[in-house]
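The values are calculated or read from the model by the stated rules, or taken from the named source; none is laboratory data. Only a predicted model underlies this, so the values are computations on that prediction, with no experimental measurement involved. We place every Cβ from the backbone using ideal geometry, glycine too, and count neighbours over all the protein chains shown.
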Amino acid sequence: MDNNDLLAVEGLRVSAEEKEILRGIDLKIGKGETHVLMGPNGAGKSTLAGALMGDPRLTVTGGAARINGEDLLEMGVHERARAGLYMSFQNPVEVPGISLENFVRTALEQRSGEKVRPWAFHKEVLQVLKTLEMDESYAERDLNYGFSGGEKKKAEIFQLLLLKPSLAILDETDSGLDVDAVRTVSRGIEEFRKNQDASLLVITHNAAILEALHPDAVHILVDGRIVKNGGPELIGEIGRDGFAAYTGEEVHA
Amino acid sequence: MGEMLLNRPIAATFRWLHVNGTKVNVPDTVLERSVDVEENGEETVVTECATPNEKFVGSVGENGTLRLIQIRRKEDPEQVINDVSVRCAKGARFEWYRVILGGAATYDNCSVALEGEESSFAASIGYRLGGTEKADINCEAIHTGPKSRSDIYSSGVLSGQADKLLRGTIDLRHGCVGAEGAEMEDVLLMDEDVRNRTVPVILCTEEDVAGAHGATIGRPDANTVYYLQSRGVPREETEKMLARAKMDAIIRRIPAESVRDALLKAEDEEA
Amino acid sequence: MNGEKTQVEDVHQEFYDFRFDESDFFKVDSGLTPEIISQISDEKKDPAWMREFRQHALEVYSRMKMPDWGPSVEGLNMDNIVTYVRPNTERMNTRWEDVPDDIKETFDRLGIPQAERTSLAGVGAQYDSELVYHNVREEVARAGVIYTDIESALHGPYADLIRERFMKLVPLTDHKFAALHGAVWSGGSFVYVPKGVHVDIPLQSYFRLNAPGAGQFEHTLIIVDEGAYLHFIEGCSAPKYNVANLHAGCVELFVGRNATLRYSTIENWSKNMYNLNTKRAKVEEGGKIEWVTGSFGSHISYLYPMSILAGRGSRSEFTGVTFAGAGQILDTGCKIVHAAPDTTSYVNTRSISKSGGENIFRSAVVVEKNAENSKSAVSCQSLMVDRISRSDTVPVMDVKTNRADIGHEARIGRISNDAVFYLMSRGVTEEEARALIVSGFADNVSKELPLEYAVEMNNLIRIEMKGVIG
């Protein structure tokens, strides 16, 4: 294994409700790299993200995944987070009674085992809200509680910037993002990448997000397998021709 | 006074469920308080429920507001009987904040008569019970005023062998045209030996009204635990967070800043 | 408006409200004594254990209190109720031609034999307290399915099977009318579906109470053995008399491992009926009970089908609609006991109250300590059509373990004026628009019924809704 690899996935097989969804995935993401994962609906893109995060509804039936050389699959969900992994949820859970700011502060404390000074943290929160052009009131609201779809998406990006993971998986498969949320996601990505070492795996078809991304690599996932690895040129190809060349059917992105 | 049947709901149901009132040994002495809020007046009353048998009688005049904040602490008398009855005139509002932080036995009865047009009642009931603690609560909103509103929200955590019974009744009586009532309970069950009974009743004899109730009862939700874990919080901690959130959801509604902050601080120290 | 309503009730009764002279029929004295019970046993040629059982039930009945938590049953003077009325047919008939003409005419008008010819696997018809007709399709019988009257089955090869189960699910002490049932039960069906047999078309049972001031106390016992499937449909009706009638039947359902039983009821008793019926199912591992019920008739109903989820992974689904019009108090709902791990219950009910009718939805969901990983979701919706009616929702959830997920939601509201306006703008009358909306509201049940029953139910709704416009 290459020491430079932040994430190394080999032959990963994953099932959900006894149905095999991922049928042997190989994927390597180096430090500071940005990758894009594309594929038709139902190909298993979100399953890959969930399996790496440790979604309890999924069962890994084969293969390996390492983060910084450590066995990711052996870790509990929170340990994966502490190892530097972050995944944005398509449908973040609503948790009444915990404010967004308090939650992120607690999560940071749990990750580091050290107290976070509330005032200093609050200043950082305000800074991130400003960057993302989000209202200050967000931080006080209960975690995702009563949030609209777009608001939830923003709250996910907000957490990303404060938790500062080494690898972020942004699952933007949900095509229902409004313009405002897309802008927040794009800004969030831009801000996140200011850290030279930060790696990113973006799952999306969204042209507006892809445009500014300039990825280091693009992977095409079809029917549980990565059928093509390439560079940014693949984005244009898929945008033009869809996935027909890979599926044998007329499927458009 | 001896043994009496307390917390009898307006509507009874199957006998074998034992929810049609609770037999309790009632002490002879009662601490009575009565508060009348004048027209357009506003009053906030805080009680600690530190005596075994209390009775609160309130009335709220036109467009007045009465806020009653009642805290039941663990170290209070073993058994607390707390009886609240309030009448609301036109445009009047009654807010009941009930925080039960523990205690061997708590019997709460809160009956609110929404007599005036556009009168309203909001109940925020929070409880955290562990060991063999129990709470038996009956809360009723009786709507006779047109366009009256009631909102009974409760949120709590049970652990150990705690036993909780909450009856909430929204009674939409003849004349309450345009009234709306809602009740919601959210109960987190932390241990195998807890018992939770929830009885969310709606009675309705008027057409142009809306009544709704909902309840979610169970252990910490698996998706929620996964989500919180994915941000780096270990499982036991997520459960603690969620338990605390249930209480905080109620405490943060308390309009008296000093009471609210003191309770939140106490929660911090508990954690 | 009053005139219109009366007229509508007449329309509604037209179909069901025909009656025949019952003067030839044999009656026992009003009131209940050990002698009367013993007379019933003689008539029935009860085996010894059943004679004893009935006498014991009478004792329990005399000891027990009337229910004190639901609608009043004061109108029911038990001393004046003739508890036993038997049509003058000799024995059970298996050929339609042999059923006496007046009874046949009644059922003909209700379309029972036609339905059998077209879409049913078997039919049983009970007239007052006796089962008068029973028939099962040949291919169904050949698969080993037993569908017969329970009285003769007590003397046949299934006697032990019945004795082991008779009033074991519903004990005599359950409530006063269960004890009464035990003492005076008469008629009813016994169904046995052997292991692995899948009965593709429904079996149907039809109950009709014709004599005034009478009671119907049929006992239904169904055993669906391991891996088998059955859909059983019961329909009930009675003409209208000025004296109160009583229906205190008892249904005991045994759903075996991985078996499924769907039990559908369309009940349209006349509006003087006290319907104090008890239905209960026990479901073994991996089995499923599906209750589908439409309640339209009766003066007072107490009806809460109960599911005991006794085996791991067993399931209960309850889908119901209740329509209470003038003079009706329908106290209905369901009870579910989760008594094993991984059990699931799902309840979806709708009620409609109009013209002073009262609906009470009453439920109990009990999750026992051992029922880990159980789930329950209850949803009930109530529609108030006017401001002289009543609609109550009285659910109880009693949860004794943390390893369960229990959800409940309920809603009470009215017919949306916007919806009425929208439909009227497309050219339907207001009356029609409201009837359409109510039918749509009740589609949770109509979707689950065989087509001809769904049509029948929508007709009932339509008839009930006419004349409601104030």
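Quick one: in segment C:388-405, which of the residues that are of a type outside the set (Asp, Glu), within 27 Å of the chain's Cα centre (by Cα) and within 7 Å of chain B (Cβ to nearest Cβ) is farthest from C:Ile300 (Cα to Cα)?
Looking at residues that are of a type outside the set (Asp, Glu), within 27 Å of the chain's Cα centre (by Cα) and within 7 Å of chain B (Cβ to nearest Cβ), I get C:Met397.
Here are some residues: B:Val177, B:Val187. Which one is within 19 Å of the chain's Cα centre (by Cα) and free of Cβ contacts under 8 Å to residues at least 60 places away in the same chain?
Checking each option against the conditions leaves just B:Val187.
With the checklist (1) outside any helix (DSSP H, G or I); (2) out of contact with any Phe, Trp or Tyr (no Cβ under 9 Å at 6 or more places or on another chain) in hand, flag the one item A:Asn144 doesn't pass.
With (1) outside any helix (DSSP H, G or I); (2) out of contact with any Phe, Trp or Tyr (no Cβ under 9 Å at 6 or more places or on another chain) applied to A:Asn144, the lone miss is (2).
Collect the residues in segment B:51-64 that are among the hydroxyl-bearing types (Ser, Thr, Tyr) and closer than 16 Å to B:Ala113 by Cβ, keeping them in residue-number order.
Matches in segment B:51-64: B:Ser59 only.
Going residue by residue through segment A:228-241, is there one that turns out to be touching a residue at least 12 places away in the same chain (Cβ under 8 Å), among the small types (Gly, Ala, Ser), within 21 Å of A:Gln90 (Cβ to Cβ) and more than 14 Å from every other protein chain (Cβ to nearest Cβ)?
no
Taking B:Thr198 as the residue in question, decide whether it is under 25 Å from B:Thr22 (Cα atoms) and assigned to a strand (DSSP E or B).
Answer is yes for this residue.
Restricting to segment C:373-387, name every residue that is in contact (Cβ under 8 Å) with a residue 24 or more places away in the chain and facing chain B (nearest Cβ under 8 Å).
C:Ser382, C:Met384, C:Val385, C:Asp386
From (1) assigned to a loop (DSSP other than H, G, I, E, B); (2) charged (D, E, K, R); (3) more than 7 Å from every other protein chain (Cβ to nearest Cβ), pick out the condition that doesn't hold for B:Glu206.
Among (1) assigned to a loop (DSSP other than H, G, I, E, B); (2) charged (D, E, K, R); (3) more than 7 Å from every other protein chain (Cβ to nearest Cβ), the lone unmet condition for B:Glu206 is (3).
Are there any strands (runs of 3 or more DSSP E) wholly within segment A:1-95 with 1 or more residues that are away from every other protein chain (no Cβ under 14 Å) and either crowded, with 21+ Cβ neighbours inside 10 Å or in contact with a strand residue (DSSP E or B) (Cβ under 9 Å, 6 or more places away or on another chain) (or both), and if so which?
Of the strands (runs of 3 or more DSSP E) lying wholly inside segment A:1-95, those with at least 1 residues that are away from every other protein chain (no Cβ under 14 Å) and either crowded, with 21+ Cβ neighbours inside 10 Å or in contact with a strand residue (DSSP E or B) (Cβ under 9 Å, 6 or more places away or on another chain) (or both) span A:5-16, A:19-30, A:34-38, A:58-67.
When C:Ile289 is evaluated against the numbered criteria (1) more than 18 Å from C:Thr319 (Cβ to Cβ); (2) modelled with pLDDT of 95 or more; (3) part of a strand (DSSP E or B), which criterion, by number, is the only one it fails?
(1)
Would you confirm whether any residue within segment B:102-120 is surrounded by fewer than 21 Cβ atoms within 10 Å (Cβ to Cβ), outside any strand (DSSP E or B) and within 11 Å of another protein chain (Cβ to nearest Cβ)?
no
Being within 21 Å of A:Phe192 (Cα to Cα) and facing chain B (nearest Cβ under 8 Å) is the filter here, so list the residues in segment A:109-121 that pass it.
A:Arg111
If you go through segment B:70-84 one residue at a time, do you hit one that is aliphatic (A, V, I, L, M), surrounded by fewer than 20 Cβ atoms within 10 Å (Cβ to Cβ) and either out of contact with any Ser or Thr (no Cβ under 8 Å at 6 or more places or on another chain) or farther than 30 Å from B:Thr205 by Cβ (or both)?
No, segment B:70-84 has no match at all.
Which condition does B:Gly181 not pass, out of (1) in a helix (DSSP H, G or I); (2) more than 7 Å from every other protein chain (Cβ to nearest Cβ); (3) small (Gly, Ala, Ser); (4) surrounded by 20 or more Cβ atoms within 10 Å (Cβ to Cβ), if it passes all the others?
(1)
Within segment C:310-333, identify whether any single residue is in contact (Cβ under 8 Å) with a residue 12 or more places away in the chain and facing another protein chain (nearest Cβ under 9 Å), and answer yes or no.
Looking through segment C:310-333, none of the residues is in contact (Cβ under 8 Å) with a residue 12 or more places away in the chain and facing another protein chain (nearest Cβ under 9 Å).
Check off (1) away from chain A (no Cβ under 14 Å); (2) over 23 Å from C:Gly413 (Cα atoms); (3) buried (at least 24 other Cβ atoms within 10 Å of the Cβ) for B:Val233 and give me the number that stays unchecked.
Result: B:Val233 passes all but (1).
So, of the residues in segment A:105-129 that are touching a Leu at 6+ places or on another chain (Cβ under 8 Å) and farther than 18 Å from A:Arg187 by Cβ, which turns out to be surrounded by the most Cβ atoms within 10 Å (Cβ to Cβ)?
Of everything passing the filter in segment A:105-129, A:Ala107 is surrounded by the most Cβ atoms within 10 Å (Cβ to Cβ).
Against the condition crowded, with 22+ Cβ neighbours inside 10 Å and either in a loop (DSSP other than H, G, I, E, B) or touching a strand residue (DSSP E or B) at 6+ places or on another chain (Cβ under 8 Å) (or both), how does C:Glu267 come out, does it pass?
yes
Conditions (1) farther than 21 Å from A:Val104 by Cβ; (2) surrounded by 18 or more Cβ atoms within 10 Å (Cβ to Cβ); (3) hydroxyl-bearing (Ser, Thr, Tyr); (4) at pLDDT 90 or above, marked per residue:
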position: A:Ser166; (1), (2), (3), (4): no, yes, yes, yes
position: A:Phe192; (1), (2), (3), (4): no, yes, no, yes
position: A:Asn195; (1), (2), (3), (4): no, no, no, no
position: A:Ile209; (1), (2), (3), (4): yes, yes, no, no
position: A:Asp223; (1), (2), (3), (4): yes, no, no, yes
position: A:Gly231; (1), (2), (3), (4): yes, no, no, yes
position: A:Tyr246; (1), (2), (3), (4): yes, yes, yes, no
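If the requirement is being more than 11 Å from chain B (Cβ to nearest Cβ), of a type in the set (Ser, Thr, Tyr) and outside any strand (DSSP E or B), which of these qualifies: C:Ser355, C:Ser345?
Checking each option against the conditions leaves just C:Ser355.
From B:Ile170, B:Ile142, grab the single residue that is of a type in the set (Val, Ile, Thr), surrounded by 20 or more Cβ atoms within 10 Å (Cβ to Cβ), more than 11 Å from chain C (Cβ to nearest Cβ) and touching a Leu at 6+ places or on another chain (Cβ under 9 Å).
One residue alone meets the criteria, B:Ile142.
Of the residues that sit in segment C:416-457 and are β-branched (Val, Ile, Thr) and more than 24 Å from C:Val292 (Cβ to Cβ), which one is surrounded by the most Cβ atoms within 10 Å (Cβ to Cβ)?
Selected residue: C:Val420.
Look at B:Val199 and say whether it is within 11 Å of chain C (Cβ to nearest Cβ), among the β-branched types (Val, Ile, Thr) and touching a residue at least 60 places away in the same chain (Cβ under 8 Å).
yes
Considering (1) assigned to a helix (DSSP H, G or I); (2) over 20 Å from the mean Cα position of the chain (by Cα), say which one A:Val227 fails and leave the rest.
Single failed check for A:Val227: (1).
When segment B:121-131 is examined, which residues are found to be assigned to a strand (DSSP E or B) and of a type outside the set (S, T, N, Q)?
Passing the criteria: B:Phe121, B:Ala122, B:Ala123, B:Ile125, B:Gly126, B:Tyr127, B:Arg128, B:Leu129.
Matching residues to (1) away from chain C (no Cβ under 14 Å); (2) at pLDDT below 95; (3) in a strand (DSSP E or B):
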site: B:Thr13; (1), (2), (3): no, yes, no
site: B:Trp16; (1), (2), (3): no, yes, no
site: B:Cys49; (1), (2), (3): yes, yes, no
site: B:Phe56; (1), (2), (3): yes, no, yes
site: B:Asn63; (1), (2), (3): yes, no, no
site: B:Asp76; (1), (2), (3): yes, yes, no
site: B:Ile81; (1), (2), (3): yes, no, yes
site: B:Arg87; (1), (2), (3): yes, no, yes
